[in-house]
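K.L.:
I am attaching a structure below and will ask some questions about it afterwards.
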Amino acid sequence: MSQGEIIGGLLAPHPPHLVYGDNHWRNEPKSECGWEVLRWGYERARKHFLAKKPDVLLVHSPHWQTLIGHHFLGVPEFHGLSVDPIFPNLFRFNYDIKVDVELAELIAEEGRRDGLVTKMMRNPHFRVDYGTIVSCHMMNPDWDIPIVGISSNNSPYYFSNELGQAQMIKLGQATKRAIEKSGRRAVLLASNTLSHRHFTTEPEIPEDMSREHVYEHSGYLWDMKVIDLMRTGRTRELISVLPEFMDHAVSEVKAGALAWMLSALDFPDYPGELYGYWTVIGTGNAVVGWDPQLKAAATTQGAMAAR
Amino acid sequence: MIQKAYIVPGQPHILLAPDRNKGWGELKKAYEAIGREIERSGAELLLVYSTQWFSVIGHLMQVDPNPEWVLVDQNWYEFGEIPYRFRVDPEFGKLYCEIAKQRGMQASTVNYRGFPIDTGTVVALKLLNPNNAIPASIVSCNIYAEREETRNLGSAARAAIEQYGKKTIVVCVTNFSNRYEVADIDIASDHISSAKDDEWNRKLLEMLGEGRLEDVAQVAREFAREANADMGFKAIWWLSSLMGEHNRYDGKVWGYAPVWGTGAALVELTPSNKALDFEKEFDEANAPVANTESGTGLESHNVLSEAPKRDEQQPEPERAVSSAIRTDRAPKPVGPYPHARRVGDFLFLSGIGPRKPVTGEIPGLTFDEKGNIAGHDIEVQTRACIENIRAILEDAGSSLDRIVDVTVYLTDMKRDFERFNEVYAEYLGTVQPTRTTVGVDSLPTPIAVELKVIAAV
């Protein structure tokens, strides 16, 4: 078996609005349109990364929140209906998910070696959260690639941003080692929005794009700052400002997916590709991808941009 | 129409693993005992608010008549799964939603196949209402809602219950201290994760055992800060507002035990007419609740809401205002205010109702066979009111014939105005003070009339 590798990483936000706007047959509610800039961004990212024929998609979701350590979907197949408890009017999704349990177990084992608490969720009736589903669906609407589903540990909410992020960095390294051991070609999906202050009312027509804009200027400024760091390959600097971003813009990266992915990618020093940025009920959402194959050429470009 | 309220925990450990820890087992027994009481109570509706049903776009009310699923908790799946099928009263949910919207709140009903009922609600309904004998209504907990919004939600629930007219038991699913152990534990020796949390929990339970719900609501913010209370302990704001924001309850603590380091307790609160020395010790709010049942914001107890915050309270300016006037010949105030204050040659009286001095008993009430208030005699209450005012004025060196201004609050203007007027005329017809009469939905105690008076000394 050849050594596995991470062939891509995508900041893959999960507002259910994107699936709603997509009008996929798996989702019960239907729309006229909506959030195209992000959906088109996902389309371009999909085209790029699926062309590399990944064996597995790994997703870290903030909507599977766990108190005791980091949990992994541990059943080969999940079927069911996921109804978003926040936006049930937009997201009632019939899912049929294949899970790479073997790789999940390997990551759990590697994590334990690093002192993390990890658990395998073995109940087939478990309802897969909508964050996992939206990110995976937008990346691969055919659902023909198995996934590894990883929970979001509550430690940053319980203790501190820094402590939570340190755990995510450990988990990222454990993920990388496990993928290498598994022989899989993997794409990572970090299911996070950026600035996360949002409107608390909904338009009568949810997809009325005339109502969609960033919630506040300061959140937008933060989003532009972190996107700039991504686009110029300064992800170590990005990691160092994330705790501040979490506090100032109530950023969902607090849940850890972005730190986990950047750590697994060994903190790319080459530019991330911005596929799209737009708001969803006022939150800032960016689809940004890193392709390690492009590292050599991109590093030069990133260095030039940094100058 | 509100028979009782219960505060209960929502962890699945109690339902699924009672044998693995003595405290969990005792909580389950207490839960089941309450369930038996509820079944015997004749209640027609269970209204459930759970801190585990999060919403962010306003509040949601469940109106699926029979929500059904197999719940596997995202954290505690190792303890097993919980199949459920509940009986929900959709009409009440719709009414509650409508009233909340009328009060300017963002609210929606939900009726979707497969909508996830939260673990807290599932645990509570499974244990309290195992046979679905009583239909339930379920409302969400908005994660951003602060005190005022949560109080408004409670107040809307009260209005909905009154309008719906069914005997209702209120169930508030919330933990107390909520500091979970974040690693696997020796389950048999589960304990509250810090001594401070335990101390806080016990302090609040002592207050609730004395029926002091509003006092607990007043310290909720401090409790949340000190003991990492469940969702900022906002559930208690909802409950207190729904129950009328006072301390007149018979309280009973059915159980208290740690669940994975958190403080879980079951508390019963039964409305009572017991007399209290005070109603509220303080109130952090500096604005009245929008659209309260009374609707006027003018009630005497609302002077509290205009008071400065505790931290901002200044010493009394002695030159302008004399000391407060209190008398044993009038009923004790139902809050931290005196019967009257003198400024120069004028006496300003607080709102005075008909309650009897010393006993606090409300005259002129009639009751049904179950002891619920069925009606009132406005003539008896008006006379009692004015006699109380007479006593205060006389003890302050004034008299009824020196009254210069009266504000009247009636809870049933249409029915009572004429007879009230007749009695009023007997006492004050010749005195001829200026007068304003206002109709209100309710007064702080179940009285029908209250007078606010200014008199010359």
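K.L.:
How large is the direction-averaged shadow of the alpha-carbon convex hull of region B:2-271, in nm²?
P.N.:
12.3
K.L.:
For B:N421 paired with B:S189, estimate the spin-label separation in nm (one decimal), with each label point 7 Å from Cα along the Cα-to-Cβ line.
P.N.:
Modelled inter-label distance: 7.7 nm.
K.L.:
Which FRET efficiency, nearest 0.05, do A:D144 and B:R225 yield, Cβ-Cβ r, R0 41 Å?
P.N.:
Efficiency computed from Cβ-Cβ geometry: 0.25.
K.L.:
Which one of B:G232, B:A275, A:I6 has its Cα pushed farthest toward the positive end of the charge dipole of the protein assembly as shown, where Lys and Arg give +1 and Asp and Glu give -1 at the Cβ?
P.N.:
Final value for the positive-end residue is A:I6.
K.L.:
Still on this model: Just for the Cα atoms in chain B, what are the lengths along the principal axes, largest first, rounded to whole Å?
P.N.:
78, 44, 38
K.L.:
Take the Cα pairs of region A:74-169, get the Kirkwood Rh, then feed it into Stokes-Einstein at 37 °C and 0.692 mPa s and tell me D in µm²/s.
P.N.:
Value of D from the Cα-based Kirkwood radius: 221 µm²/s.
K.L.:
Where does the Debye-calculated log10 I(q)/I(0) of region B:159-263 sit at q = 0.22 Å⁻¹, using only Cα point scatterers of equal weight, no solvent?
P.N.:
For region B:159-263 at q = 0.22 Å⁻¹, log10 I(q)/I(0) is -1.17.
K.L.:
Once a ≥ b ≥ c are taken as the square roots of the eigenvalues of the Cα gyration tensor of region A:1-142, is the result rounded (a/c under 1.5), prolate (a/b larger than b/c) or oblate (a/b not larger than b/c)?
P.N.:
oblate
K.L.:
If I model a spin label at B:V70 and A:T201 as a point 7 Å from the Cα along the Cα→Cβ vector, what separation in nanometres do I get?
P.N.:
Reported label-point gap for B:V70 and A:T201 is 4.3 nm.
K.L.:
Amide H neighbours of B:T327 under 5 Å, counting only residues 5+ apart in sequence or on other chains, H built in-plane at 1.01 Å?
P.N.:
HN-HN under 5 Å from B:T327: B:H339.
K.L.:
Same structure, new question: Just check chain A against the gyration tensor rule for me: Cα atoms, a ≥ b ≥ c as the square roots of the eigenvalues, rounded for a/c under 1.5, and otherwise prolate or oblate depending on whether a/b exceeds b/c.
P.N.:
Rounded, since a/c falls under 1.5.
K.L.:
Let me ask something else. Among the aspartates and glutamates, select those whose C-alpha is under 20 Å from the C-alpha of B:K252, and discard any that sit fewer than 8 residues away in the same chain.
P.N.:
Correct list for B:K252: B:E26, B:E32, B:E37, B:E39, B:D198, B:E199, B:E206, B:E210, B:E214, B:D215, B:E268, B:E279.
K.L.:
Based on the Kirkwood radius over alpha-carbon pairs, what value in µm²/s does the Stokes-Einstein equation return for the translational diffusion coefficient of the protein assembly as shown at 37 °C and 0.692 mPa s?
P.N.:
114
K.L.:
Determine ³J(HN,Hα), in whole Hz, for all residues of region A:146-163 in sequence, where each value follows from phi through the Karplus function 6.51 cos²θ - 1.76 cosθ + 1.60 and θ = phi - 60°; x replaces Gly and Pro.
P.N.:
x, 10, 10, x, 10, 6, 10, 6, 7, 4, x, 7, 7, 10, 7, 4, 5, 5
K.L.:
Quick one: Debye curve from the C-alpha atoms of region B:88-207, no solvent, what's log10 I(q)/I(0) at q = 0.13, 0.17, 0.21 Å⁻¹?
P.N.:
-0.72, -1.07, -1.31
K.L.:
Here is a further query. Just to confirm the filter: which trypsin sites (Lys or Arg not before Pro) across region A:1-40 are DSSP coil and have at most 12 other Cβ within 10 angstrom of their Cβ?
P.N.:
For trypsin sites (Lys or Arg not before Pro) across region A:1-40 that sit outside H, G, I, E and B with at most 12 neighbouring Cβ atoms in 10 Å, the list reads A:K30.
K.L.:
Looking at region B:103-194, which chymotrypsin sites (Phe, Trp or Tyr not before Pro) are in a loop (DSSP not H, G, I, E or B) and have at most 11 other Cβ atoms within 10 Å?
P.N.:
Qualifying residues, ordered by number: none.
K.L.:
Taking amide H positions as placed in the peptide plane 1.01 Å from N, state which residues far from B:A136 in sequence (5 or more) or on other chains have amide H under 5 Å from it.
P.N.:
Answer set, sorted by chain and number: B:L46, B:R87, B:V88, B:D89.
K.L.:
For B:R85 and B:D328, calculate 0.36 nm times their separation in residues minus their Cα-Cα distance, and state this gained length in nm to one decimal.
P.N.:
Computed gain between B:R85 and B:D328 is 81.8 nm.
K.L.:
Give me, ordered by chain and number, the residues 5 or more places off B:H191 or on other chains with an amide H under 5 Å from its own placed amide H.
P.N.:
Correct list: B:G261.
K.L.:
Under a crude label model (7 Å from the Cα following the beta-carbon direction), how far is A:E216 from B:E369 in nanometres?
P.N.:
The modelled label-to-label distance comes out at 6.0 nm.
K.L.:
Set the Förster distance to 45 Å, then compute FRET efficiency between A:H79 and A:S2 from the Cβ-Cβ distance, nearest 0.05.
P.N.:
0.85
We did not get these values from a lab; they are worked out from the coordinates using the rules stated. Quantities reported herein were computed from a predicted structural model and do not represent experimental measurements. Virtual Cβ from ideal backbone geometry, glycine too; neighbours counted across all protein chains shown.
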